[in-house]
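What follows is a single structure, written as structure tokens, with notes after it.
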Amino acid sequence: MHDVAARAGVSHQTVSRVLNNHPSLRPATRQRVLDAIEELGYRRNLAARALVTGRTQTIGMIGPATAEIGPLSTLHSIELAARDAGMSTLMTSAAPSREDMDRAVDFLLGRGVDALAVVAQEAVVGEESADHALGVPVVHLLAGDREVDLAVSIDQEHGVRMVLDHLRELGHARIQHVSGPMTYGEARVRKSAYEAFVGSDVAGELPAIEGDWTADSGYQAGLEIDASATAVFCANDQMALGLIHALSDRGIAVPGDMSVVGFDDNPESRHSLPPLTTVRQDFEAVGRVAVEAIVARLDGATDSPELIDPELLVRSSTAPVRN
């Protein structure tokens, strides 16, 4: 830093202000320092800075061991938002087991992260990352129905209500549900909201079929869908795409004979045949709000963010019920 100061003809305190984006510097002075930094190839010693500030300006991220689009999109958004906030990220993945979560948490805390962002879709993940046991703020992402101290999630119940309101407006009364695995909080919320909306009579006559989020499980569900159903609400897009394939093999036209709705708005959903009506989850907003919540918690705030609203995207896989 002293070499940079000498090259730019300023004090080392001025160099520090430039590195910390202090607003009071004249543009010409800032540019001289930046030019000197580039000429000398200066890199800030983050370890030394952490000794002074007590912070590494790093967010540790724990993602699922499987490459699911929603969680990965969220973690990518956290990385971008952290960069905008002057922070860095360090990521590892963990299977939903206590042993693997312990390993992931120990790995990140051992590297001095200031906070953790954890994709906590399954219960064991949330239980193992409780912030009172770790000594750093922990934000739980996509936690569904789990009650945790600091969570950033999309309003699942609102998304389900939009789907079912849309189907009711099209005249559908016999709506069957293909759920995600019940180990996932979001799958439980979506199923509960579906059952509350359609009532016990329909839920009893058209019981939910549990899938595992994959298109293959959606295909299998499509072979089991009750022929008297006029619409199917799938808990994610992948299962909806597999289900449409199975319905086609059964000679059931979508949406002529049966309407189908997904959840997530995966990129391929707009290109399926027919294009899929679905609920868009704003994973970018989840990442951005998560970083804002972490920064606020590090600064002493205790408030938790509000649920993020989803958006219904109506495409060609839904149509009025055929009389």
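The values are calculated or read from the model by the stated rules, or taken from the named source; none is laboratory data. A quick note: this is a predicted structure, and the numbers were derived from the prediction, not measured. With ideal geometry, Cβ positions are generated from the backbone for all residues, glycine too; neighbour counts draw on all protein chains shown.
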Can you confirm whether Ala227 is aliphatic (A, V, I, L, M) and either surrounded by fewer than 16 Cβ atoms within 10 Å (Cβ to Cβ) or assigned to a helix (DSSP H, G or I) (or both)? yes
Restricting attention to the range 266-323, which residues are closer than 15 Å to Leu167 by Cβ and not hydroxyl-bearing (Ser, Thr, Tyr)? Leu276, Val279, Leu312, Leu313, Val314, Arg315, Ala319, Pro320, Val321, Arg322
A careful count of residues in the range 289-323 that are touching a residue at least 12 places away in the same chain (Cβ under 8 Å), part of a helix (DSSP H, G or I) and of a type in the set (Gly, Ala, Ser) gives 2
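State yes or no: is Val286 under 16 Å from Gly70 (Cβ atoms), at pLDDT below 95 and outside any loop (DSSP other than H, G, I, E, B)?
When the stated conditions are applied, Val286 passes them.
Any chance you could count how many residues in the range 242-260 are outside any loop (DSSP other than H, G, I, E, B) and in contact with a Leu (Cβ under 7 Å, 6 or more places away or on another chain)?
Qualifying residue count, the range 242-260: 3.
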Those residues of the range 17-30 which are surrounded by fewer than 15 Cβ atoms within 10 Å (Cβ to Cβ) and touching a residue at least 12 places away in the same chain (Cβ under 8 Å), in sequence order: Asn21
Taking interchain pairs and intrachain pairs at least six residues apart, which have beta carbon atoms under 6 angstrom, with the first residue in the range 82-94 and at pLDDT 90 or above and the second charged (D, E, K, R)? Thr89/Glu79
Selected residue (criterion: farthest from Ala285 (Cα to Cα)) from residues of the range 61-78 that are among the aliphatic types (A, V, I, L, M) and modelled with pLDDT under 75: Ala67
